[in-house]
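The values are calculated or read from the model by the stated rules, or taken from the named source; none is laboratory data. Computed from a prediction, not measured in an experiment: that's the story for all the values here. FYI the Cβ positions are ideal-geometry reconstructions off the backbone, even for glycines, and counts take in every protein chain you see.
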Amino acid sequence: MRTNEFIDEILTDACRQAIKAVASSNVENFAYLTKLAGLDPATAFRFADLSGMDFSDCDLSGFDFTGTDLRGCAGVGVTWSSKTIFDDAKLDASIFAHSVRLAKFMANEPRWRRRVEILQSSHWTETPLWLHDELSEENPNRQAALMVARALFEKTESSLIKTEILYATSQTYDSREEYRDFIIHTIAAHGRSNVEFIKSALRIVTQLFVNDASGLSVLYHFAQHDDADVRVMALSGIARSRLAGQGQVAKLLAALKSEELGRVRRLIVGAIARSRGGNYVSAVRDPIKSGEQYIDCAQVVTNDLLERIASRMLVSESLERQVDFQYSRNAEISFSVGDAAVKRRAAKIRGWLKDLVKDGVPFIFEDEPVTLDAIREGEGKWG
């Protein structure tokens, strides 16, 4: 009560109205909420802690982030300009790190700034040739050429040239961290452009940065994209990330209802099973397909499927034991799996799959009808 009385004393009516307006808003856009709260972007966020903030679809022109902690900030469709101030801001692994670094380089290097202008006015066929020559390991000015290529990326409107630069710079880069900053900046600034460009950028993220927090943030954003191929790429990357928590990965299954996303559902089922251990991985392996193929949680788990999985597990275990025995005794390999053993193992597998249901995998068993309570529980978990 004392705390409430203290807050009541220091809060003005304007502050109370601003808090109420923001709290009641369904919009999560940072720039919009800043305006709604009546905050001055030129003063309100100096030396603030905005680490990890999502600036998606924000126009940050006129914001002063002097001394602000912006580490790990992410977003797509973000715009800012020379009127956005980043003096002494902490920018590690943020969407702003690359552009600030590039601006400083170009301001101090008129020779290379001129090279960007020349390439920009040249025929597009000149760019791939220049990239090939200037980004070679033998070029002593390769670091500067990388900055030129990235500056050209910002200035050109040609999606073809952008794709060429993305590919060329993925083959050679100054440091992993600076290349990551370039990619997440690129997606932040151009992630609302054509789908083919988004796919090109996501390929790089899924290949190199699934285990970076900033890369994972990008993948989460595109996991709900309108294009099915983009969703598949993003969700596949998330499923492979060591940073994606078990609960976070499980929640993604709610968005994976269409048939074309079955492959990603299987990947996520495998990822959640791996967090439980070896028996769970074996329990979700597809009994027909070979290799790292997992069952689809969108399909009903039948007794026949459970027995097929059980039979495969028992045969594999028996084979492993008898191979060891053969090497130790020089005996011939022979084995059989009885029906009773298969049924006992199938019962264990059912229990393991039910454990995965607790982790968020929505398996449905053919002999266990879905009740109204189960549906409500599922809506609470997946909503």
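In summary, residue 157 fulfils each of the numbered conditions (1) more than 24 Å from residue 142 (Cβ to Cβ); (2) in contact (Cβ under 8 Å) with a residue 12 or more places away in the chain with the single exception of condition (2).
Taking residue 203 as the residue in question, decide whether it is surrounded by fewer than 13 Cβ atoms within 10 Å (Cβ to Cβ) and not aromatic (Phe, Trp, Tyr). Taking the combined requirement at face value, the residue does not satisfy it.
Scanning the range 188-200 for residues that are in a helix (DSSP H, G or I) and either crowded, with 21+ Cβ neighbours inside 10 Å or free of Cβ contacts under 8 Å to residues at least 60 places away in the same chain (or both) gives 188, 190, 195, 196, 197, 198, 199, 200. For the range 361-383, a residue qualifies if it is at pLDDT 75 or above and either more than 18 Å from residue 310 (Cβ to Cβ) or not in a loop (DSSP other than H, G, I, E, B) (or both), and the qualifying residues are 361, 362, 364, 365. Here residue 233 fulfils each of the conditions (1) at pLDDT 85 or above; (2) buried (at least 16 other Cβ atoms within 10 Å of the Cβ) apart from (1). Scanning the range 21-36 for residues that are part of a helix (DSSP H, G or I) and of a type outside the set (A, V, I, L, M, F, W, C), we see that the one that is nearest to residue 58 (Cα to Cα) is 32. Can you tell me which residue is modelled with the lowest pLDDT among those in the range 252-273 that are surrounded by 14 or more Cβ atoms within 10 Å (Cβ to Cβ) and among the charged types (D, E, K, R)? Out of the qualifying residues, it is 263.
Considering only the range 104-160, how many residues are of a type in the set (A, V, I, L, M), farther than 30 Å from residue 88 by Cβ and under 30 Å from the mean Cα position of the chain (by Cα)?
3
Report yes if some residue within the range 325-347 is more than 30 Å from residue 263 (Cβ to Cβ), modelled with pLDDT of 85 or more and among the acidic types (Asp, Glu); otherwise report no. Yes: one or more hits. Looking across the range 55-75, the residues that are more than 17 Å from residue 98 (Cα to Cα) and among the acidic types (Asp, Glu) come down to 57, 59, 64. Whenever a residue of the range 264-275 is of a type in the set (D, E, K, R), its partners that are in a helix (DSSP H, G or I) and surrounded by fewer than 23 Cβ atoms within 10 Å (Cβ to Cβ), lying with C-beta atoms within less than 6 angstrom and at least six residues away or across chains, give the pairs 274/281.
Just one of the listed residues (47, 105, 63, 96) is surrounded by 21 or more Cβ atoms within 10 Å (Cβ to Cβ) and either β-branched (Val, Ile, Thr) or more than 26 Å from residue 198 (Cα to Cα) (or both), namely 63. Summed over the range 207-221, residues that are more than 16 Å from residue 95 (Cα to Cα) and part of a helix (DSSP H, G or I) total 2.
Identify, please: which residue in the range 29-44 is more than 15 Å from residue 15 (Cβ to Cβ) and loosely packed, with under 14 Cβ neighbours inside 10 Å and is, among those, modelled with the lowest pLDDT?
35
Residue selection: residue 24 fails the criterion of being surrounded by fewer than 16 Cβ atoms within 10 Å (Cβ to Cβ), touching a Ser or Thr at 6+ places or on another chain (Cβ under 8 Å) and closer than 28 Å to residue 220 by Cβ. Filtered by the rule that a residue be farther than 17 Å from residue 194 by Cα, in contact with a Ser or Thr (Cβ under 9 Å, 6 or more places away or on another chain) and of a type in the set (Gly, Ala, Ser), the range 212-240 gives 214, 215, 236, 237.
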